[in-house]
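The values are calculated or read from the model by the stated rules, or taken from the named source; none is laboratory data. These numbers come from a predicted model, not from an experiment. Because the Cβ atoms are built from the backbone with ideal geometry, glycine has one as well, and the counts that use them run over all protein chains shown. We work out accessible area using only protein heavy atoms, side chains counted, and drop any ligands, DNA or RNA first. Shrake-Rupley method; radii C 1.70, N 1.55, O 1.52, S 1.80 Å.
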Amino acid sequence: MQIEPFGVELWMNEWETRCDWNLAETCVQSLTVAQLLQLAGKNHSDLSDLLPMKMTYGAIEGSERLRQAIAGLYDSQGAANVVVTHGTIGANMLVHKTLVSRGDHVVAVVPTYQQHYSIPASIGARVEPLRLSEENHWLPDLTALRAMVTPETRLIALNNPNNPTGALIDRALMTQIVEIAREADAWILCDEVYRGTDQTGDGLSASIADLYEKGISTASMSKAFSLAGLRLGWVVAPEALLDDILIHRDYDTISVGMIDDHFAALALENKASILARSHAITRGNLAILDDWVAQEPRIDWVRPRSGTTALLRYDMAMPSRAVCVDLLQSTGVLLTPGSALDMEGYLRIGYANSPEILREGLARLSGFLAQQP
């Protein structure tokens, strides 16, 4: 199988460990184990719970405790609708491998995480991109989607909240997308890894798994729950589809780690405390970023409604990669070039790190922009 190089991951692999001010980070500021225990109302002595844990394979589909906790993030799902994976990246791979065959028609809403068009293309599917536009606030054009989706369409793949734009498809718009899919009997895969980071309310946007009988939700502990180091995600879907997914999963997963399963369950059982922390960071930091954009003459944007990233349109006659490399080498600030996301002319910024890192990074970015011709 041949597949396109993964643009954004190649960029991060090349530069992430070589920066001083990481504004390319997409996770809400990561938790330490001590912070997780504190938010869960526990202390260091509770680590003794791990001492009798035998380091063998865990429950194949994920422990009952963890799958129940994941199901609690949804309105109408049970543990039987959940299978645990190695991150959202593993969940997405499993869904595409299970559903898509050579010759299938796949509609991919872009920009998005590259998995959602490069994996089906590598399988031999006919991938048709539905390109979002800044003019439409980075939301799907339903007229264009209707024109693309036919009875031959196998899958619609999208990302909500959206990476890199921070756009949010609300329940009303998602319901209309569901109706388009239902008329064609197409599956919808919604990568919901940023779910929980909405700028209002409880932060949890409506999930495709609760809105559509052929809706598939993928997500993980990485973004809103600040625990990317667990490398733990999930697929929530109809049981019959999960049976097929498990056939593929047997070839590349077996189980997730026992310790990962334990800490993920602990975090989700205390999700209110962890999400409250995440909301304080993302909502406070977006206000900082909003003020900066308003005062920066060479930058424009569509203000995100969710997620941890935004697309910045810049007013310079330089390719985005050159901008980012020059910025990093002269200031120590790391952004992600739009070219890594097939969005030339833009820069992706992550704003969910600590406020101190964000403020310093933005100040250095302003200094850099002011020096450009």
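Of the DSSP H helices in the chain, those that are both long (alpha-carbon extent of 15 Å or more along the helix axis) and hydrophobic (Kyte-Doolittle mean at least 0.0) are 87-99, 171-184, 258-269, 271-295, 320-331, 355-370. Stretching the chain fully between VAL325 and TYR251 yields a gain of 22.7 nm (0.36 nm per residue, less the alpha carbon separation). What is the percent carbon and sulfur in the accessible area of segment 253-370, measuring with a 1.4 Å probe over the protein chains and ignoring ligands? Carbon with sulfur: 52 percent of the solvent-accessible area.
Taking every protein chain into account, the accessible area of the chain amounts to 41 square angstrom per residue (probe 1.4 Å). Put a dot 7 Å past the Cα of MET55, heading toward its Cβ, do the same for GLU152, and the two dots end up 5.3 nm apart.
Using just its DSSP H runs of length 4 or more, each adding -39500 (n - 2.57), the chain gives a mean residue ellipticity at 222 nm of -12000 deg cm²/dmol after division by all residues. Using the alpha-carbon centroid of each, what span in Å lies between segment 177-203 and segment 300-318? Their Cα centres are 22 Å away from one another. Taking a 24 Å limit on the Cα-Cα distance, which of the listed pairs LYS54/LYS97; LYS42/LYS223; LYS214/LYS271 fall beyond it? The pairs that break the limit, which is 24 Å between Cα atoms, are LYS54/LYS97; LYS214/LYS271. Using a Förster distance of 41 Å, how high is the FRET efficiency between THR143 and LEU47, based on the Cβ-Cβ distance and rounded to 0.05? Step by step, r from the Cβ atoms, then E = 0.15. Split the accessible area of segment 54-143 by element, probe 1.4 Å, and carbon with sulfur accounts for 52%. Placing a pseudo-label 7 Å from each Cα along the Cα-to-Cβ vector at GLU344 and VAL33 gives an inter-label distance of 4.8 nm. Within the chain, the longest run free of exposed loop sites, counting GluC sites (Glu not before Pro) that sit outside DSSP helix and strand states (H, G, I, E, B) and have at most 12 other Cβ atoms within 10 Å, spans 1-151.
Counting only DSSP beta bridges whose two residues both lie in the chain, roughly 45 percent are antiparallel. The heavy atoms of HIS105 offer some 10 square angstrom of accessible surface to a 1.4 angstrom probe.
Dipole check for segment 113-215: with +1 at the C-beta of Lys and Arg, -1 at the C-beta of Asp and Glu, and the Cα centre as origin, the magnitude is about 260 Debye.
Rg then Dmax, both in Å and based on the Cα atoms of segment 275-361: 12.9, 41.
The distance between label points at ASP315 and LEU173 comes to 2.7 nm (points 7 Å beyond Cα on the Cα→Cβ vector).
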